[in-house]
Amino acid sequence: MIEIELDKLHEECGVVAVYGNPESAKLCYLGLHALQHRGQESAGISASDGQRMTVYKSMGLVADIFSEAVLQKLPGNHAIGHTRYSTAGDSALLNAQPIQVDCNKGRIAIAHNGNLVNAADIRKRFELAGSIFQTSSDTEIVLHLIAQSHEKTLPDAIADALRRLEGAFSFVISSPHHIFAARDPRGFRPLAMGHISGKEGLPDSIVFASETCAFDLLGAKYDRDVKPGELVVVGPEGVHSHFYAPALVQSQCIFELVYFARPDSFVFGKSVQESREQMGRHLAREAPVEADLVVGVPDSGLTAALGYARESGIPMQFGLVRNHYVGRTFIEPEQRVRDFGVKLKLNPVRQLLTGKRVILIDDSIVRGTTSQKIVRLVRDAGATEVHMRISCPPTTSPCYYGVDTPERRHLIAARKSVEEVRDFIGADSLAYLSLEGLRASCGEPQGDPHYCTSCYTGKYPTNYVDLHDIRPAVALAE
């Protein structure tokens, strides 16, 4: 089998929840469609009609998992959904979410976007005390913490459990009569809250999603983000909010704006499209070069390329076309074709590139292997010069907060200088956006950091990280 995924950091997960709608499962299904880019391994929905909770999940894409017949078996007034790319736990159906259990606090289902950096320690303590785990996912420990909490009510038990966690989490949790939504006190991962207006005097439906692009498909209005350290409870009594923990120094994942989120979303209150265009503009000011064309690597490099072109005055052309309908293939020509996997994904428009000096814009370089093949693809199409520009700083450190990052030794920028990376990928020149330029592009006030940039700096905002790969190369946050 030929793996033809481009060399990118993988999205973490997407969550969605709908309360107060008789078609809640169908709306969750549509929301997961909009969030499919955040995870393509598995998906699931748990729905409640007030008496029973039914969960269905499977491996694969949302459209392949949920047929009309399946959705008919998920009746109820509220539901939560999840689409997954594994960052903790194996890629297997047993780790697909939502995870649903019966415990002393009743029936509960949970869906999680993020990664709990103290999960291994908590799990080990539970296992030594005799607890049995059904999955290898870090999310399952939350259910154990809820079940073993001494608090009497479910909202209080959830709040108690959340206070024991360290790391990145945006949760949606369902019980027979309520939905709960929470973010970690540092606000690593996004979670938006909105509503669908009720028809003919009926109450509004309350919705939550990892990105606002899901609201657009549901016909929902974005109201606000769930705040860091906040627990929102939605039920027959209405919508109630309290802070289970005080907000800490903010560590919003800046890579959400660089790559993960869809450009039509608002994340952390920022327009993803506008942020990426600003990255391109800052990059043009920081790293100008004489050229004939600006070409974005589809899809995530296109908006930054637009910004670079507008700032530099060099025209942008769609010199690379992406095939969106290819995942893996078991067939390869007997005569081996150089860079076959990348060519299945990307094809150059030769009439645009021949004889031109090209500025190639991409959002990141991870291992460098795909960048090398894309540069070669553009050269083989007739470009006389290829200048690579990257709309974020060099990725030098792994992420422990919900992003599937290679080990440090596999990150080319951790091992090679910019000039050495340029030589490896075969570009005529290479430049990255500075960290200051990235922060400014994302609207961060100077001197008031509220983004996590540990993948660029190696400085982590939490005290629990797995240092097996990076000791002694980094120090924990002060």
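Observations on the structure shown:
- Residue count for the range 214-261, restricted to those that are out of contact with any strand residue (DSSP E or B) (no Cβ under 8 Å at 6 or more places or on another chain) and either of a type in the set (K, R) or more than 30 Å from T457 (Cα to Cα) (or both): 5.
- Number of the exception - S170 against (1) more than 18 Å from A119 (Cα to Cα); (2) buried (at least 18 other Cβ atoms within 10 Å of the Cβ): (1)
- Given (1) without any contact (Cβ under 8 Å) to a residue 60 or more places away in the chain; (2) touching an Asp or Glu at 6+ places or on another chain (Cβ under 7 Å); (3) open to solvent by 10 Å² or more (accessible area, probe 1.4 Å); (4) not β-branched (V, I, T), index of the condition H37 fails: (1)
- Residue among A119, A88, A109 that alone is at pLDDT below 95, over 26 Å from S265 (Cα atoms) and of a type in the set (A, V, I, L, M, F, W, C): A119
- Just one residue in the set T83, T54 is open to solvent by 10 Å² or more (accessible area, probe 1.4 Å) and modelled with pLDDT of 95 or more; that residue is T54.
- Within the range 350-364, being more than 27 Å from the chain's Cα centre (by Cα) and in contact (Cβ under 8 Å) with a residue 12 or more places away in the chain holds for R350, L352, L353, T354, G355, K356, R357, V358, I359.
- Figure legend. Inter-residue proximity from the range 204-217: first residues touching a residue at least 12 places away in the same chain (Cβ under 8 Å), second residues aromatic (F, W, Y) and open to solvent by less than 10 Å² (accessible area, probe 1.4 Å), beta-carbon distance below 8 Å, spacing 6+ or different chains. Indicated pairs: V207/F215; A209/F215.
- In the range 269-300, the residues that are modelled with pLDDT of 95 or more and in a loop (DSSP other than H, G, I, E, B): A287, P288, V289, E290, A291, D292, V297
- Of residues in the range 222-243 being outside any strand (DSSP E or B) and open to solvent by less than 10 Å² (accessible area, probe 1.4 Å), the one farthest from V297 (Cα to Cα): G229
- A single member of S210, S137 is within 28 Å of A261 (Cα to Cα), open to solvent by less than 30 Å² (accessible area, probe 1.4 Å) and at pLDDT below 95, and it is S137.
- Checked against the criteria, N115 counts as closer than 24 Å to A192 by Cα and within 28 Å of the chain's Cα centre (by Cα).
- Every condition in (1) among the basic types (K, R); (2) at pLDDT below 95; (3) in a strand (DSSP E or B) is met by K8 except one, and the failing one is (3).
The values are calculated or read from the model by the stated rules, or taken from the named source; none is laboratory data. Bear in mind the structure is a predicted one, so any value in this text is a computation, not a measurement. Note: ideal-geometry Cβ built from the backbone for every residue, glycine included; neighbour counts use all protein chains shown. The area values use the complete protein model at the heavy-atom level, side chains included, leaving out ligands, DNA and RNA. Shrake-Rupley method; radii C 1.70, N 1.55, O 1.52, S 1.80 Å.
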